[in-house]
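Engineer: Provided herewith is a single structure, encoded as structure tokens, for subsequent inquiry.
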Amino acid sequence: MNQEQRTFCRICEPACPMIAEIDAKGKVSKLKPDPDHPIGGNPCVKGISFLELHNDPDRLNWPLKRRNPRSEPKSIFDRVSWDEAIATSAARLNEIRERYGKDAIAIYIGNPNSFDSRAMSACYYALPGGLETKTIFTAGTQDCQNKVVCEIAMYGNSTFLVPDLHHTNYLLCIGANPSASRWTWVGVPNDGGQILKDIRSRGGTVLFVNPRRIESSSADTGETLQIKPDTDIYFLAALSHEVHRLGGFNEALLEKHGKNVEGYKRFISRWPPERVADVTGIPAARITEVASDIMAADGAACYLSTGVNQGRQGTLSFWLTEMLNFATGNLGREGGTYKATGLADPMPAPAATYHVETPDGVLPMMGLGALPAVLLPEIFEQKGVRALICLGGNPLLSMSGEEKIREAFSHLDFMLCVDIMPNATTELADYVLPATDWLERADITPFSWLLSTQLTPNVQYTDAMEAPAAERRTDWWIVSRLLQAMGLPSGLDDPDHRDGFNMIDGMLADRGLSVEKLKNLSHQTAFVPESPKESVFERCLVHEDKKIDCCPELFVRTGLHDRSEALFEQLQREPADTLKLISMRTTHMHNSWMANVPSLRKGHLSDNRLRMSPVDADKRGLFDGDQVRAFNAYGSVHCRIDVRDDMREGVVAMTHGYGHHGAKSMKVASSKPGANCNRLMPTGSKTYEPLSYMSWMCGVPIEVEKLIAT
Amino acid sequence: MTPDRILRIAVIGTGPAGMYATEHLIEDRNLNVEVDLFERLPTPWGLIRGGVAPDHPEKKLIVERLFDYFFKHGCVRYFGNVEVGVHVQPRELARWYDAVIYAVGASDDVRLGIPGEGLPGSVSAREFVAWYNGDPDFSHLDVDLSHPRAVVVGNGNVALDVARILTAPVADLEKTDITDHALRALKASAVKEVVILGRRGISQAAYHNPELEEIGHLDGVTVVVEGDDASPPNVDWATRRKLETLRELSAQSTRAAERRIVFRFLCSPVEMLGEHKVEQLRVVQNTLEPVSNGTLQARPTGKRLFIDTGLVMRSIGYRGTPIPGLPFDDALGVVRHIEGRICDDQGAVLGNYVTGWIKRGPRGIIGTNKKCARDTLRCLIEDLQAGRLTPAELRSTEVLQEIKARQPEAVLRPGWLRLDHAERTAGRAQGRPRVKFTEREEQLTLAAEG
Ligand SMILES: Cc1cc2nc3c(=O)[nH]c(=O)nc-3n(C[C@H](O)[C@H](O)[C@H](O)COP(=O)(O)OP(=O)(O)OC[C@H]3O[C@@H](n4cnc5c(N)ncnc54)[C@H](O)[C@@H]3O)c2cc1C
Ligand SMILES: NC(=O)c1ccc[n+]([C@@H]2O[C@H](COP(=O)([O-])OP(=O)(O)OC[C@H]3O[C@@H](n4cnc5c(N)ncnc54)[C@H](OP(=O)(O)O)[C@@H]3O)[C@@H](O)[C@H]2O)c1
Ligand code: SF4
């Protein structure tokens, strides 16, 4: 008889409740939904299929040591003991640290660590803190760092405000496709889009702004304004302009909690709808209409996400979004935006801003600070970086400039990777350490609870469903063990606490909870009471004057304001037939994680197609399935065309997380590498957004030519 | 089994069965294969192109979603316009390849075996389908649509397909990839009524419920049920659904309609009458009698009827045809096999396999062939592991030379892609998925380089 145990998915933010069936040998034999769970939500195909990844024969099982030089095309690894792998790595890293300085060791932190409560602190705090290196790169500059710096500038800290989807009567959803991405920076159970339908059913409005008519948009939810890519900032500015012109600002609230309001008003006054209509592709009258709808709604929320983050002006776009919510009086009210309850409530004070010298000058680093990923090769060279520690990441594919990065890595004296799969990046390492996946480790709800973004705040505990296979170890243990061997402060220092949960307990204590208490609760879940919506003003404003900075001087000083004018002129001059590449998410792939899962790579899922509107296909004589070369000054990829009428004319879309040619040990992925769209994304000096150092990955001009069929 | 050994496999036929077999071969992590696809026609996809009705574009999506990917795979080659048994013989293929998988479908159909069946005006649904779907061998079929009534014998899904095509508004068909010659003929058609004859009762009808429901979506078509209105107790869920649907269809059919579809049950044709062409169909009424295997069989009563008609279309099943050199089961119309291994009196003809309609007979939908192909491949892999497969004697380049020598007009993958493009380009101009080219010469010209 199979035994059933409760657990939850740790691929993306909903952390869907699941039931694992465990067979007599203690192995998970099936993952399935947990329909009775009070958190609600249904796991998607990725969560259910995770068992395939868990049992993947290509998984990393033992510490591996490179036998041949990195310059050779095919890497050869030997199995070594943990003791040897850790001792040698620690010795090499210490040697490099002493000889070339602390910054000679670079760290790259990938996304998976954000979905592991213990690894999150080990990777983001303990390791960089212990090594005292400033050479830090994360996946954040590929997806959300603009929000981090914007919040610090406006509120004094990361606030992670969320839209009150349960009560709002108007949702403006910009650059997000919740039915594929399952929401980002807001924790909503995966409910098949019900929360959006509910807005509609209660008479409210949902309006999507996106170059593609996304899956989230339907007759049951709301329409999509098909904007020209990378122009959202001008739409937002004009929208704010109109709300202000029509008298929709809550001046008293602005006066009470804001400062530099005049600067904000000056900025938006430059963008009347008539000015932006051509560049955004949205008629001026429609912008005015949206403005009056927002004003008329009893509770409106504007939500912006990855599609805009990845454009060239994510920081200002997010600023305008936050300001629109605040200025219309929707911040801190029911149906508007607010600060949910959770662990980080309020967030601990941000680390002080520090400065790093780079080939692009001295760059200020805010929050957890990540250097511009697209400048990695140049920074490595300038700073004489000798070693890299890569934690749960595949920078070779997840950033642009694959060849340059490969070259940069080839010069390193030492490279250490921690992962669950032998991906393209681990193929280059000197040592590869095998981590556990989420079925093999105990956890509490990561991300959304830790950052307090859940609309129904809750924290859940799960045991490991299976003992780690072979010699896999948790990321927390691996990082702690490495620090310990290097003689640096480590989570393993305290002999009474050898699993890292003491730190979690410390964090839960504030809420009167502990891991032990969670274990004994029904569904191992604690629900945490909501704070009143208005409390956002007390809980989240941590500038010394407790005010919201409505026009941070930092944005002016770093040139963001002037840049918005310059880019606008550039967009105006752009030839009308420019084809622009945007990124999109599909329901069967999450970054590059599922690339080796056979059932998610069948047929048309086996490659990465370029989506194109029928009009653009027609112009080029292209049909569904045709092989094309997509190219620009940065690179070129070969891929198939997917003709879909959801695309705006002049826009093509592609999913990231493909291009696994180099991951020779991942049999499915390397035989179905798919095109890596990041090869077309700008890389190098000044191609990123100042201040946030966000890579430009959305709205990038490309050209497409047909390849002769063979 | 060593994944290092490259298995060279010939798949004969590019319908669903052949393509699913190719998928399973390519996707098997333990195999290292090269697949050569042989196809009698210049165009691939078997009955997906040549059978599935033009007003069912969603059923053809499997090509874009799945089959096309394997068709274009680096380890797959396409030899179109090459007929096994004509240009190359099975015994040669057996030597050229490690294994050969026959997925040739059913190229013939079952006859009624009644007097007058040879008269003009008597055609098979298979021919009619091939005609409206653009099989080059049937583009000159003479379909006489001058009489107001047509009769379709048999009430399977194919019968519903042809009845729908005969009654659908031409304006709707104009948006599909139906052939231009069929469109012209249908525009001029005098057919106002299609009688679908089922030899057994209303509860034994062979069509499926979704296909029946579709009849209700035809503009201007009314549905009439004749011959059996029994509402039998104890029928299974699927049958009850179909009974309800048919009842709804006939109930809502009061509005003025331009055309009608008559479902006539308990009725078998016995003779086609007419001087130079079919003018009348003589039918007999049946009753049902239980037979030993627990099913109900039709038994003729003495009662006869005459139906005036100019077109009788038999739709009582496709039928496989023998391939010279392969054992054939004449009773079932399939290649002789055990679990997919081709067998003769001496036992398995090692290295030769069947899948799809030529294995199971002409039954089942597209997806049925997926499991069918997997079952066959399980045998192939067993034989491989047991060392029962003789390694291919020719290298892949040598095979290509042989093919080109035997069939200079072989259509290779780039050729089909050129033809495909030409069809889709023509379709785009008319807002249709494609306009099919239906003459073999024309197809070969478009497939040729330059
Ligand atoms: C009219 C009709 C409509 C249908 N509609 C549907 C539908 O809507 N949905 C659904 O699910 N199913 C439908 N079906 C059923 C479905 O088409 C079959 O299940 C399926 O096509 C059988 O697959 P197959 O590969 O065995 O045969 P086929 O599809 O017939 O493929 C056989 C292939 O082999 C080729 N070939 C034959 N002899 C040789 C030779 N000697 N050398 C080389 N090549 C050769 C043929 O040209 C053909 O391309 C329909 C069937 C018919 C008849
Ligand atoms: N949309 C779709 O999914 C679709 C479309 C087309 C075809 N298909 C599939 O393709 C397969 C073949 O379809 P089909 O319609 O050719 O075959 P079918 O479903 O087997 O139907 C054959 C019909 O002919 C009748 N019949 C047989 N011999 C007869 C005779 N001597 N006299 C009178 N009637 C006779 C049968 O009646 P009895 O029952 O009395 O034998 C039955 O009604 C089926 O599996 C079908 O589902 C699917
Ligand atoms: S929606 Fe996200 S958390 Fe839920 S099952 Fe899917 S991948 Fe896992």
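The values are calculated or read from the model by the stated rules, or taken from the named source; none is laboratory data. For clarity, every value in this text was computed on a predicted model and none was experimentally measured. When we count neighbours, we look across all protein chains shown, and the Cβ atoms used for this are built from the backbone with ideal geometry, even at glycine. Just the protein is used for accessible areas: all its heavy atoms, side chains included, with ligands, DNA and RNA removed. Shrake-Rupley method; radii C 1.70, N 1.55, O 1.52, S 1.80 Å.
Engineer: With respect to the numbered conditions (1) open to solvent by less than 10 Å² (accessible area, probe 1.4 Å); (2) more than 9 Å from chain B (Cβ to nearest Cβ); (3) within 24 Å of the chain's Cα centre (by Cα), which one is the sole condition not fulfilled by residue A:592?
Structural biologist: For residue A:592, the exception is condition (1).
Engineer: Name, by its number, the condition in (1) at pLDDT 95 or above; (2) surrounded by 15 or more Cβ atoms within 10 Å (Cβ to Cβ); (3) assigned to a helix (DSSP H, G or I) that does not hold for residue B:250.
Structural biologist: The number of the failed condition is (1).
Residue-wise test of (1) over 22 Å from the mean Cα position of the chain (by Cα); (2) open to solvent by 10 Å² or more (accessible area, probe 1.4 Å); (3) within 14 Å of another protein chain (Cβ to nearest Cβ).
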{"position": "B:341", "(1), (2), (3)": "yes, yes, no"}
{"position": "B:371", "(1), (2), (3)": "no, yes, no"}
{"position": "B:408", "(1), (2), (3)": "yes, yes, no"}
{"position": "B:418", "(1), (2), (3)": "yes, yes, yes"}
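Engineer: Something else: Looking at the structure I just gave you, is residue A:46 open to solvent by less than 30 Å² (accessible area, probe 1.4 Å), away from ligand 2 (no atom under 16 Å from the Cβ) and outside the structural domain of residue A:192 (by TED's automatic domain parsing)?
Structural biologist: So residue A:46 fits the description; yes.
Engineer: Looking at segment A:1-20, which of its residues are free of Cβ contacts under 8 Å to residues at least 60 places away in the same chain, open to solvent by 10 Å² or more (accessible area, probe 1.4 Å) and within 16 Å of ligand 3 (Cβ to nearest atom)?
Structural biologist: Correct list: A:19 only.
Engineer: For residue B:297, only one of the following conditions fails: (1) under 19 Å from residue B:206 (Cα atoms); (2) not assigned by TED's automatic domain parsing to the domain that holds residue B:154. What is its number?
Structural biologist: That leaves (2) as the condition not met.
Engineer: Among the listed residues A:84, A:95, identify the single one that is under 21 Å from residue A:385 (Cα atoms) and either aromatic (Phe, Trp, Tyr) or assigned to a helix (DSSP H, G or I) (or both).
Structural biologist: Only one candidate passes the filter, namely A:95.
Residue-wise test of (1) among the aliphatic types (A, V, I, L, M); (2) farther than 30 Å from residue A:536 by Cα; (3) not assigned by TED's automatic domain parsing to the domain that holds residue A:679.
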position: A:353; (1), (2), (3): no, no, yes
position: A:370; (1), (2), (3): yes, no, yes
position: A:392; (1), (2), (3): no, yes, yes
position: A:397; (1), (2), (3): yes, yes, yes
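Engineer: Considering only residues of segment A:696-710 that are in contact (Cβ under 8 Å) with a residue 60 or more places away in the chain and more than 19 Å from residue A:174 (Cβ to Cβ), which is farthest from the other protein chains (Cβ to nearest Cβ)?
Structural biologist: A:701
Engineer: Here are some residues: B:413, B:434, B:428. Which one is more than 25 Å from the chain's Cα centre (by Cα), within 11 Å of another protein chain (Cβ to nearest Cβ) and buried (at least 17 other Cβ atoms within 10 Å of the Cβ)?
Structural biologist: Going through B:413, B:434, B:428 in turn, the sole match is B:428.
Engineer: Within segment B:119-152, take every residue that is buried (at least 23 other Cβ atoms within 10 Å of the Cβ) and in contact with an Asp or Glu (Cβ under 6 Å, 6 or more places away or on another chain) and give me the one that is nearest to residue B:440 (Cα to Cα).
Structural biologist: B:126
Engineer: Report the residue count in segment A:234-287 for those that are assigned to a helix (DSSP H, G or I) and open to solvent by 10 Å² or more (accessible area, probe 1.4 Å).
Structural biologist: Selection size over segment A:234-287: 23.
Engineer: Does at least one position in segment B:185-201 carry a residue that is assigned to a helix (DSSP H, G or I), farther than 25 Å from residue B:281 by Cα, away from ligand 2 (no atom under 12 Å from the Cβ) and open to solvent by less than 20 Å² (accessible area, probe 1.4 Å)?
Structural biologist: No: segment B:185-201 contains no residue that is assigned to a helix (DSSP H, G or I), farther than 25 Å from residue B:281 by Cα, away from ligand 2 (no atom under 12 Å from the Cβ) and open to solvent by less than 20 Å² (accessible area, probe 1.4 Å).
Engineer: Please pick out the residue among B:349, B:284 that is more than 16 Å from ligand 1 (Cβ to nearest atom), within 17 Å of residue B:153 (Cα to Cα) and not in a loop (DSSP other than H, G, I, E, B).
Structural biologist: Within the list B:349, B:284, the selection yields B:284.
Engineer: Got a sec? Which of B:99, B:159, B:103 is of a type in the set (Gly, Ala, Ser) and outside the structural domain of residue B:350 (by TED's automatic domain parsing)?
Structural biologist: B:159
Engineer: I've got another one for you. Return yes when residue A:88 is away from ligand 1 (no atom under 16 Å from the Cβ), of a type in the set (S, T, N, Q), buried (at least 21 other Cβ atoms within 10 Å of the Cβ) and modelled with pLDDT of 95 or more and no when it is not.
Structural biologist: Judged against the criteria, residue A:88 is not a match.
Engineer: Follow-up question, since we're still on this one. Of the residues A:329, A:336, which single one is open to solvent by less than 10 Å² (accessible area, probe 1.4 Å) and under 30 Å from residue A:204 (Cα atoms)?
Structural biologist: The unique qualifying residue is A:336.
Engineer: Looking at segment B:160-216, which of its residues are touching a residue at least 40 places away in the same chain (Cβ under 8 Å), more than 16 Å from ligand 1 (Cβ to nearest atom), under 20 Å from residue B:438 (Cβ atoms) and out of contact with any helix residue (DSSP H, G or I) (no Cβ under 6 Å at 6 or more places or on another chain)?
Structural biologist: The answer is B:174, B:175, B:180, B:181, B:185, B:188, B:189.
Engineer: Filter segment A:616-625 for residues that are over 18 Å from residue A:637 (Cα atoms) and away from chain B (no Cβ under 11 Å) and give the result.
Structural biologist: A:616, A:619, listed by residue number.
Engineer: Any chance segment B:139-154 includes a residue that's within 16 Å of ligand 2 (Cβ to nearest atom) and farther than 18 Å from residue B:193 by Cα?
Structural biologist: no
Engineer: State the number of residues belonging to segment A:98-131 that are over 21 Å from the mean Cα position of the chain (by Cα), on the phi < 0 side of the Ramachandran plot and open to solvent by less than 30 Å² (accessible area, probe 1.4 Å).
Structural biologist: Within segment A:98-131, residues that are over 21 Å from the mean Cα position of the chain (by Cα), on the phi < 0 side of the Ramachandran plot and open to solvent by less than 30 Å² (accessible area, probe 1.4 Å) number 4.
Engineer: I've got another one for you. Residues of segment B:15-48 being more than 8 Å from ligand 1 (Cβ to nearest atom) and open to solvent by 20 Å² or more (accessible area, probe 1.4 Å), which ones?
Structural biologist: B:24, B:26, B:27, B:28, B:29, B:30, B:31, B:32, B:34
Engineer: I want to confirm something. Restricting to segment B:323-339 and keeping residues that are in contact (Cβ under 8 Å) with a residue 40 or more places away in the chain and of a type outside the set (Val, Ile, Thr), which single residue is nearest to residue B:381 (Cα to Cα)?
Structural biologist: The selected residue is B:339.
Engineer: Sticking with this structure for a sec: Can you tell me which residue in segment B:7-47 is nearest to ligand 3 (Cβ to nearest atom), limited to those that are within 14 Å of another protein chain (Cβ to nearest Cβ) and among the hydrophobic types (A, V, I, L, M, F, W, C)?
Structural biologist: B:26
Engineer: In this structure, does residue B:445 turn out to be at pLDDT 95 or above, assigned to a helix (DSSP H, G or I) and within 14 Å of another protein chain (Cβ to nearest Cβ)?
Structural biologist: no
Engineer: Can I ask one more? Do you know which of the residues in segment B:288-322 that are touching a residue at least 40 places away in the same chain (Cβ under 8 Å) and charged (D, E, K, R) is surrounded by the fewest Cβ atoms within 10 Å (Cβ to Cβ)?
Structural biologist: Looking at residues that are touching a residue at least 40 places away in the same chain (Cβ under 8 Å) and charged (D, E, K, R), I get B:308.
Engineer: Does residue A:56 meet the test of being more than 9 Å from ligand 3 (Cβ to nearest atom), within 14 Å of chain B (Cβ to nearest Cβ) and open to solvent by less than 40 Å² (accessible area, probe 1.4 Å)?
Structural biologist: yes
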